[in-house]
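Undergrad: Next up is a structure, given as C-alpha cells.
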Amino acid sequence: MGIVIETREKISYVNIVGDFFIGNVVSFEAMWEKITETRPEIIAVNCRDIVFIDSTALGTLVQFLKFLMNRNIQLVFFDLSIAVDTLFKATRLDKFFKITTREKLELEYK
C-alpha cells in the first residue's frame, strides 16, 4: 500500500494505492498522526486505487473517524473503488461514513 498526502487550503487529501489490510495498518496509523498535526478542517480519503480492504482496515477507518471527531476534523471518503464500495455497503458503513465524488467534494468544500 502506498499513501500520498497533499494539502490544499483546508483539505488534506489522502491517496491510498493498493491493498489496505492488517499488514499495513501501522503505516496508515503513522500517517494519521502526521496528518492531524497540521489540523486540517477536512481529511478526504481517495479510495479510487484501493484494490482490496480487509476487516482490520475497516476497523481502523472507524477508529480514525472517532479520533477525528474528537478533534473537530471532518472525514470524507471519495471516488470509492468497486472493492471499497461493495464492502462499505455490505457492512453498512456507507450509512456511517460521508461518501462523495471528488467533484462534489471540491464544490461543497471550496
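Just so you know, all these numbers are worked out from the coordinates, no wet-lab data involved. None of these values were measured; they are calculated from a predicted model. No Cβ is skipped: glycine too gets one built from the backbone with ideal geometry, and neighbour counts run over all protein chains shown.
Undergrad: Tell me the mean residue ellipticity at 222 nm calculated for the chain from its helices only (DSSP H runs of n ≥ 4, each -39500 (n - 2.57), averaged over every residue, nearest 500).
TA: -12000 deg cm²/dmol
Undergrad: Please list, ordered by chain and number, the residues whose modelled amide H lies under 5 Å from the amide H of LEU75; skip anything fewer than 5 residues away on the same chain.
TA: Distant-sequence amide H within range of LEU75: ILE43.
Undergrad: Counting other beta carbons within 10 Å of each residue's own, what order do LEU61, LEU75 fall into, fewest first?
TA: Arranged by neighbour count, lowest to highest, LEU61, LEU75 become LEU75, LEU61.
Undergrad: Now a separate question. Which residue, ALA57, ALA44, ALA30, tops the fluctuation ranking in a GNM of the chain built on C-alpha contacts under 10 Å?
TA: Most flexible of the set in this elastic network: ALA30.
Undergrad: Report the relative contact order of the stretch 2-108, percent, no decimals, based on alpha-carbon pairs under 8 angstrom and at least 6 residues apart.
TA: In percent, rounded to a whole number, it is 25.
Undergrad: Quick check on the chain: take the gyration tensor over C-alpha atoms, sort the square-rooted eigenvalues as a ≥ b ≥ c, and tell me if it's rounded (a/c under 1.5), prolate or oblate.
TA: rounded
Undergrad: OK, next. Give the order of VAL25, VAL51 when sorted by the count of other beta carbons within 10 angstrom, beginning with the fewest.
TA: Taking fewest neighbouring Cβ atoms as first place, the list is VAL51, VAL25.
Undergrad: Of MET1, MET69, how do they rank once you tally other Cβ atoms within 10 Å and put the fewest first?
TA: MET69, MET1
Undergrad: Spelling out what I want: for every residue of the stretch 91-100, take phi, set θ = phi - 60°, compute 6.51 cos²θ - 1.76 cosθ + 1.60 (Karplus), and round to whole Hz; glycine and proline get x.
TA: 9, 6, 6, 5, 8, 9, 8, 7, 10, 7
Undergrad: Still on this model: What dipole magnitude, in Debye to the nearest 20, does the chain give about its Cα centre under +1 on Lys/Arg Cβ and -1 on Asp/Glu Cβ?
TA: Using only the charged Cβ atoms, the result is roughly 360 debye.
Undergrad: Amide H of ASP19: which non-local residues (sequence gap of 5 or more, or other chain) have their own amide H closer than 5 Å, using H built in the peptide plane?
TA: Long-range HN contacts for ASP19: VAL51, PHE52.
Undergrad: Within the set of other residues whose C-beta is less than 9 Å from the C-beta of LEU80, count the net charge using Lys and Arg as +1 and Asp and Glu as -1.
TA: -2
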